[in-house]
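Following: one structure in structure tokens, then a few remarks.
The values are calculated or read from the model by the stated rules, or taken from the named source; none is laboratory data. Everything numeric in this text was worked out from a predicted model, so none of it was measured. A quick note on method: Cβ atoms are made from the backbone with ideal geometry, for glycine too, and the neighbour counts reach across all protein chains shown. We work out accessible area using only protein heavy atoms, side chains counted, and drop any ligands, DNA or RNA first. Shrake-Rupley method; radii C 1.70, N 1.55, O 1.52, S 1.80 Å.
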Amino acid sequence: MSVVTRIGGFLHLPRTLRWRLFLILFAGLAVAHALSFSLQFYERTMSAKATMYTTLENDVATSIALLDRLPPQERPQWLGLLARRTYRYELGPGQPGVPELSQRAAEVAETINVAAGKRFPVTVESIPGEREHLQAHVTLSDGSPVTIDMLPALMPLASWLPYVLVAQLILLVLCTWFAVRLAIRPLLRLANAAETLDPNRKAERLDEHGPAEVAYAATAFNAMRDRIAHYLQERVQILAAISHDLQTPITRMKLRAEMAEDGPEKDKLVNDLSEIERLVREGVAYARSAQGDAEKPARIDLGSFVESLAFDYQDTGKAVTMPATVDAVVVTRPHALRRILTNLIDNALKFAGAAEIQLEKTPDGKLRILVLDRGPGIPADQLDAVLQPFYRLEQSRNRGTGGTGLGLAIAQQLATAIGGKLRLANRPGGGLIAQVTLS
């Protein structure tokens, strides 16, 4: 297992590319920002320390020399003037302490010793307590003790600095999120376009502007869709040409067969020619069903539309019933929808002898048309396969029992073309349910 794999498994990166890029960019920028701030803070600390030691050295040297020259009775008056924020002067031996010094205390002691010079012996001790507290004991020329009481501290941080850091962090998050969003948006558009790809629909082309890589990907995708649409169009044209060219010889053969003497051979020949003619006709119908957008959408009363279709079958003596209707208006392609329902009803009549049509509304507001029968049904593992072209459950290839295998495929392709969905399911108690959902 590689190191990258181990690190990825340990960190449990999110599944989406958006969040992965965001975390990677934000982590890198945050680390760089923290490193930059740390270096600046370190440089500021060292600069402040150097300034403090220089000031302490000059100030202590001047103050000790001044106190040494003043008469003893005037020295107390100058103590307040010589005091500073981090240290002050006291006349006397001060508090007892310990000689152990920290690194910073040792640096302060060294600075005071250098400032006092060889004239004034200096002893620095650490006073026990929670905060670091030092006292430097100096003996003046007349033998008077002077104590320098110190609380070493660097220059305090500005009160507004935490707010600046928070503002920088927020700006960093916003900039990272904007950069990730800008990088992911073209990829999402490409994914959505690929998911809804339908060369037969006049969908908007992807915008071919923007960064070079994005524009190249959009151009390639648009070209791919154009090629697919061109191939589909060629397929329809080829099948249409084949159909047209076959019609004439099939018709001549049927005429010659009709002129032949009556007999079993004649009947077989006529039946074979009829099957060839039907196969050619349905093959072309399947190819053209992919171009369901050739028909313009229209607003129809779906309940009346389906009811009239059921009445048409009843007028021809077919057992097609519609127990109840639903008042619903939908915008769709009527001829394509009629072809879908006709194929489903014909399939139910062929295998069950009767069909029932139901119309209902789904909880999410969609309309659903159900074609039910009490036929033999379809094995569960073949419910999807029967929607493929030329797939027949009846393997004898007998057209009278198995058909051409294109009826359900045409219905499936037309349902997709009009923005709907066809789904098959076995009916409880036996039979099949063909469900067409319209968006």
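Laid out as a table, the results:
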| quantity | calculated |
| --- | --- |
| Criterion violated by residue 95 - all others in (1) part of a helix (DSSP H, G or I); (2) farther than 18 Å from residue 51 by Cβ satisfied | (1) |
| Qualifying residue in the range 230-251 (condition: out of contact with any strand residue (DSSP E or B) (no Cβ under 8 Å at 6 or more places or on another chain), touching a residue at least 60 places away in the same chain (Cβ under 8 Å) and surrounded by 15 or more Cβ atoms within 10 Å (Cβ to Cβ)) | no |
| Scan of the range 118-147 for residues that are open to solvent by less than 20 Å² (accessible area, probe 1.4 Å) and part of a loop (DSSP other than H, G, I, E, B), ordered by number | 120, 127, 140 |
| Scope the range 75-117; condition surrounded by 12 or more Cβ atoms within 10 Å (Cβ to Cβ), among the charged types (D, E, K, R) and either under 17 Å from residue 145 (Cβ atoms) or under 60 Å from the mean Cα position of the chain (by Cα) (or both); matching residues | 75, 88, 90, 104, 107 |
| Within the range 180-194, tally of residues that are more than 14 Å from the chain's Cα centre (by Cα) and surrounded by 15 or more Cβ atoms within 10 Å (Cβ to Cβ) | 1 |
| Whichever residue in the range 282-322 is assigned to a loop (DSSP other than H, G, I, E, B) and in contact with a strand residue (DSSP E or B) (Cβ under 7 Å, 6 or more places away or on another chain) and, among such residues, is modelled with the highest pLDDT | 322 |
| Condition met for residue 261 (open to solvent by 60 Å² or more (accessible area, probe 1.4 Å) and over 18 Å from residue 281 (Cα atoms)) | yes |
| Check on residue 30, small (Gly, Ala, Ser), over 17 Å from residue 115 (Cβ atoms), part of a helix (DSSP H, G or I) and at pLDDT below 80 | no |
| Top-ranked residue of the range 323-358 - restricted to ones that are in a strand (DSSP E or B) and either closer than 17 Å to residue 410 by Cβ or touching a Ser or Thr at 6+ places or on another chain (Cβ under 6 Å) (or both), ranked as modelled with the highest pLDDT | 356 |
| Complete set of residues in the range 209-229 that are surrounded by 13 or more Cβ atoms within 10 Å (Cβ to Cβ), modelled with pLDDT of 80 or more and not aliphatic (A, V, I, L, M) | 219, 221, 222, 225 |
| Contacts under 6 angstrom Cβ, first residue in the range 322-338 being closer than 21 Å to residue 356 by Cα, partner of a type in the set (Val, Ile, Thr), 6 or more apart | 322/357; 334/300; 336/418 |
